[in-house]
Amino acid sequence: MDLMQVIKALADETRIRMINILRGGDLCVCELETILNINQSNASRHLVKLTNADILKFYKVAKYVYYKINQDALSEFPFLKDIIEKETAKLKMCLADNERLAKYRNSGLSCDDLKVGKSCFK
């Protein structure tokens, strides 16, 4: 892992928001888009930066791609764990995202529901 690539990947509000909500568990792209209220191309662009920096890993389940925090990155760069666990908790946007994540998780909606336009945020 490259320290400069990691630092550059963290230098964006949307990417900080992504790692913030991913600390609560794996999410698919459509869930990230919905919770963060961003479009697919924006989500993909940021996810590529975070995976190229090895901060995130991904895996596929059927037709969905899920992202998770790379635990090896947290071991190699302990400051990442501090950012994810302590610093994001101080940011209003991350607190709002955490509320949206909780609302989504409590809604019982799935990726399939999101794909057909159902939402718990209207």
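Checking the stated criteria, LEU22 turns out to be modelled with pLDDT of 95 or more, in contact with a Phe, Trp or Tyr (Cβ under 9 Å, 6 or more places away or on another chain) and under 21 Å from CYS120 (Cα atoms).
Among the candidates ALA43, ALA102, which residue alone is in a helix (DSSP H, G or I), surrounded by 19 or more Cβ atoms within 10 Å (Cβ to Cβ) and free of Cβ contacts under 8 Å to residues at least 40 places away in the same chain? Exactly one residue qualifies, and that residue is ALA43.
Can you confirm whether segment 64-72 contains a residue that is touching a residue at least 40 places away in the same chain (Cβ under 8 Å), touching a strand residue (DSSP E or B) at 6+ places or on another chain (Cβ under 8 Å) and part of a helix (DSSP H, G or I)? Checked segment 64-72: no residue is touching a residue at least 40 places away in the same chain (Cβ under 8 Å), touching a strand residue (DSSP E or B) at 6+ places or on another chain (Cβ under 8 Å) and part of a helix (DSSP H, G or I).
Within segment 80-99, the set of residues being over 18 Å from ALA9 (Cβ atoms) and either touching a strand residue (DSSP E or B) at 6+ places or on another chain (Cβ under 8 Å) or without any contact (Cβ under 8 Å) to a residue 60 or more places away in the chain (or both) comprises LYS86, ALA89, LYS90, LYS92, LEU95, ALA96, GLU99.
Applying the condition of being β-branched (Val, Ile, Thr) and within 9 Å of the chain's Cα centre (by Cα) to segment 15-34 and asking which residue is nearest to CYS111 (Cα to Cα) yields VAL29.
Here is the figure for segment 2-23: residues that are assigned to a loop (DSSP other than H, G, I, E, B) and surrounded by fewer than 14 Cβ atoms within 10 Å (Cβ to Cβ) total 2.
The values are calculated or read from the model by the stated rules, or taken from the named source; none is laboratory data. Being a predicted model, the structure only gives us computed values, none of them experimental. When we count neighbours, we look across all protein chains shown, and the Cβ atoms used for this are built from the backbone with ideal geometry, even at glycine.
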